Structure formats: structure tokens, C-alpha cells
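K.L.:
Please see the structure below; I have some questions.
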Amino acid sequence: MNGRTVKASAASVRERAEALLARIRAVDAALRCYVAVDEALVLRDAERLDAVPASARGPLHGMALAVKDLIDVAGLPTRAGSSFFRRDAERDAPVAAALRAAGALVIGKTNTHEFAWGITTDNPHFGRTGNAWDPARIAGGSSGGSAAAVAAGLADIALGTDTIGSIRIPAALNGICGIRPATGTFSLEGIVPLAAGLDTVGPFAHDVATLRAVYDALAGARSSESERGKRRLRACRLRGGRWDAVDPAVASAMDVAAAALRDAGTSVDEVRWWDDDVAGAVGVVQQHAAAAFHAPMLAAHPEGYGEDVRAHVRRAMSTSGEDARRAHATIARARTGWDAATAGYDVALAPVCGDVAPRAPAPRTFRDDTIPFVAPASGFGLPVVGVPIGFGADGLPLGMQIIATQAEPAAAFDAGLAFQRSTGWHLRRPAIFAASS
């Protein structure tokens, strides 16, 4: 059940939903993608979609949607991966409502790193989500449940959030596509916050074409359409600093990806830009923004937090307003250098991670090794489309960021579509996908 076959199938939405629910029961115990599925509610919604006349069906009619458990869905609890936080949503968050209005069928809520504050989705309260390609590996996070569900064929599309990489990292590690929209693009109403000013919400899908359709449904219009006309895309591959401190398989995959884009008609130059201070500054901004939300909850539930997130909260509470102001100034200075280096380019190409998904539990160095790749776009508020670009050690996926340097998502979508027209990495599926079909 994937984005290409859902609409072409002669089966009813209810029949397909019944089959998908059966596959979730059979497969998800090995992955722990879902934390809440109300089968009766799913089947009732499926029957409602079957009753919609063909002429009135939305662009996502019948597509199975998984929703990260930070995002409100009517009739299901929002727990944010927490042992104590819970709200019983009476209505959908606007982003979930928009996809329902486009015809998507909500299947359930997916696992997240506790309060979205981590990049492994190793949750002490709901279990660890396994990687779709090897459940002994991490899924990435914090939207790991959503990414693994799509990769494993337990949803067609999914919603996640991205503060500092929480869509891009699990998309890359699970071999699918995802977009971190530009900051402020979509409403965050009905979504448990991590860090105001950095949080974004966006979709996952197997391919860029489907990802773009979901993005447009969220926007309520074809807002991702390019205004460039038929002008040739200009891309730059980022070099220097951490961009080059990657596993040889990642470097080779980036070489091949750049060549594929050139073959597809996109010009690709190499541009040197790296700023050692960005990741730390973005981290300080995140901590300062998160402290106000978490301080009263930590006081009320000191033992309710998992060990790693409790440590994050306590560290955040020591971050001052002056620390945050200095961090914002550092980001602004880095942005000046970024704008100068990427001037004249539509997109910048960069790895998402320096290697494949590590075995669980992830080493303590994983966060510090990975966040620098994804922090710049978060700090600058830019839209980023993530795409799979091949496989590294043990046949595990690798991913690339296509960063819209001028904050025009259409450029990143156009580059992603051009790349996938000339490559087939997005067509590959893990063994568990076949087992669940």
C-alpha cells in the first residue's frame, strides 16, 4: 500500500484500510512505529471516504496517513512520547485537518523521542522505534515513528516535526523523502512545542512527487509551483568543514548524486562554506525557547522524564536571555556568510548524516556528530527537501539535503524531482516492506 498504488487500486478505502491494519498488527511489534491506533475509528473514516463521490474526492483520497504523537488528532490522545503529558484532542490540528480534507485516512499516532527532544526515537516510555531496514538500528528522530512507518509500508505518508533535523534525519536513515518547510510556513496550533522560532511541521513520503502533493495539500494550493519558468536550476554542493568529514560511502554517494543532477540538466558547482559556531548557537536558541515550556512540568514531574530529556531540560533552564541573544547574533553572522557563499544558486546540496544508522542504543557521540549537518538550515529558517541517495555499510540508506538557498521550496522540489527522474534510490524498499504487503 504505497503512494503510487493507493489511488490506482480497485479496492475500496475500507478494504485497503483493513489490509493495512492487519499488516500493522503483524509487523509493527518489530518496529514500534505506532503508539495509538483506533481500528474502529479508522474503518469508520474509511467508509466515509468511500461514500465521497468520485468527482468530489481530494488529491490524497484514501492515502494512509501516520501522525507524529505531538500533533493533535481528534479522538486520539496526544502524549508527546511522555509518561505524564496527555491531552485528549477534540479536534485535529490544522495540519492534520488539511490532509483529512484532501482525502487522507488517518491511521494512528506514531512514536517520537520524548517531547521530540532527541534524534534516536529511543523512548523510555513507549519503546524504541527500529529502523525499517534493520530493526536493530535506530530509526533516527525525533520523528522516527513516522519515518519508519512510511519506509516499512505501514503508512503511505506521514506528518512529523523538525526543529533541528527531526524530519531530515529519520527520513535519511530510513531511505525515504521528507521536507523541513521554511519556518512559519504551516500552523503549529495543536502541536506540542519544542522550541518556538525553530519548530516546523512537514510530511514524509517515498518520493518527491508525493511529498510535493502532500505539501500542497497542507498549503491549500499549489504553492510549491516554481515561478522560475524554464530557467535552468543552479545548485551548489557544500564543501569544507564537517561537510567533508563523512564516511567514504557518504562522500561517494554525494559525488554520484551531484553527477546525476548534472545529467538531469542542473548545473552543480562546489562551494566552500562551513561555520563551526552555528550548531552550538542553534542549540542554545532551542534550549532557551524550550525551558519556559518544560520548567513547570519538570517541577511537577521530576521523575516523569526519561534520563536524557531530563538532562536536556535542566541544562536548558540554565540558559539565560543573554545567552540566547548572543546565539542569535552568531546565527545572523553565519547567515551573512551563507548568503554570500550561496548567492546565485537555487539550492545547496549537503549530506544529512555522516554515516548510516548506528546500532541501538546509539553511541553518545551520535548527536554531536549529526546535529552540525542539519543545524544551519534550521537556524536560517530555510526549507529543505531530503532524498535518499544510495546505501552504505550493511545495505543501509543514505540521504541528502536539498536546501532552498533563497527560501523558495519550489526550487528544492524541482531539484528533487529532477534527481529522482534520473535515479532509482527512492524505489528501493526494505525487506520488511515486502513482508507487510
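K.L.:
Taking segment 292-333 as the region of interest, how many residues are among the small types (Gly, Ala, Ser) and under 27 Å from Pro363 (Cβ atoms)?
P.N.:
First, the residues of segment 292-333 that are among the small types (Gly, Ala, Ser): 292, 295, 299-300, 304, 306, 311, 316, 318, 320-321, 324, 327, 329, 332.
With the extra rule that they be under 27 Å from Pro363 (Cβ atoms), the set shrinks to 304, 306, 311, 316, 318, 327.
Result for segment 292-333: 6.
K.L.:
With respect to Ala96, is the statement that it is surrounded by fewer than 24 Cβ atoms within 10 Å (Cβ to Cβ) and in a helix (DSSP H, G or I) true?
P.N.:
Details: surrounded by fewer than 24 Cβ atoms within 10 Å (Cβ to Cβ): no; in a helix (DSSP H, G or I): yes.
So Ala96 fails the test.
K.L.:
Could you list all residues from segment 18-59 that are part of a loop (DSSP other than H, G, I, E, B) and closer than 17 Å to Asp92 by Cα?
P.N.:
Of segment 18-59, the ones part of a loop (DSSP other than H, G, I, E, B) are 31-33, 37-38, 51-53, 57-59.
Within segment 18-59, Val37, Asp38 qualify.
K.L.:
Then there is this: I'd like the residue in segment 118-153 that is part of a loop (DSSP other than H, G, I, E, B), of a type in the set (A, V, I, L, M, F, W, C) and within 14 Å of the chain's Cα centre (by Cα) and, out of all such residues, is surrounded by the most Cβ atoms within 10 Å (Cβ to Cβ).
P.N.:
The residue in question is Ala139.
K.L.:
Residues in segment 258-283 that are touching a residue at least 60 places away in the same chain (Cβ under 8 Å) and part of a helix (DSSP H, G or I): how many?
P.N.:
Selection size over segment 258-283: 9.
K.L.:
Is at least one residue of segment 193-216 outside any strand (DSSP E or B) and aromatic (Phe, Trp, Tyr)?
P.N.:
Yes, that holds for at least one residue.
K.L.:
Right, something else. For segment 164-186, name all the residues that are of a type in the set (Ser, Thr, Tyr) and either surrounded by fewer than 24 Cβ atoms within 10 Å (Cβ to Cβ) or on the phi > 0 side of the Ramachandran plot (or both).
P.N.:
Residues satisfying the conditions are Thr183, Thr185.
K.L.:
In the list Leu198, Leu218, Leu159, which residue meets the criterion of being touching a strand residue (DSSP E or B) at 6+ places or on another chain (Cβ under 8 Å) and under 26 Å from Pro358 (Cβ atoms)?
P.N.:
The conditions single out Leu159.
K.L.:
Of the numbered conditions (1) free of Cβ contacts under 8 Å to residues at least 60 places away in the same chain; (2) in a helix (DSSP H, G or I), Thr319 fails exactly one; give the number of that condition.
P.N.:
The failed condition is (2).
K.L.:
If you go through segment 410-423 one residue at a time, do you hit one that is assigned to a helix (DSSP H, G or I), of a type outside the set (A, V, I, L, M, F, W, C) and either under 19 Å from Gly202 (Cα atoms) or within 18 Å of the chain's Cα centre (by Cα) (or both)?
P.N.:
yes
K.L.:
Still on this structure, I have one more. Kindly indicate whether Pro351 is buried (at least 20 other Cβ atoms within 10 Å of the Cβ), out of contact with any Lys or Arg (no Cβ under 6 Å at 6 or more places or on another chain) and farther than 26 Å from Asp247 by Cβ.
P.N.:
Criteria not met by Pro351.
K.L.:
Looking for whichever is without any contact (Cβ under 8 Å) to a residue 40 or more places away in the chain and assigned to a helix (DSSP H, G or I) here; the options are Ala332, Ala377. Which one fits?
P.N.:
Details: Ala377 fails: without any contact (Cβ under 8 Å) to a residue 40 or more places away in the chain.
That would be Ala332, the only listed residue that is without any contact (Cβ under 8 Å) to a residue 40 or more places away in the chain and assigned to a helix (DSSP H, G or I).
K.L.:
Can you tell me which residues in segment 344-403 are among the aromatic types (Phe, Trp, Tyr) and within 20 Å of Leu238 (Cα to Cα)?
P.N.:
Scanning segment 344-403 gives Tyr345, Phe373, Phe380.
Coordinate-derived values only; no laboratory data. Predicted, not measured: the structure shown is a model, and the values here were computed from it. Cβ coordinates were reconstructed from backbone atoms using ideal geometry, including for glycine residues, and neighbour counts include every protein chain displayed.
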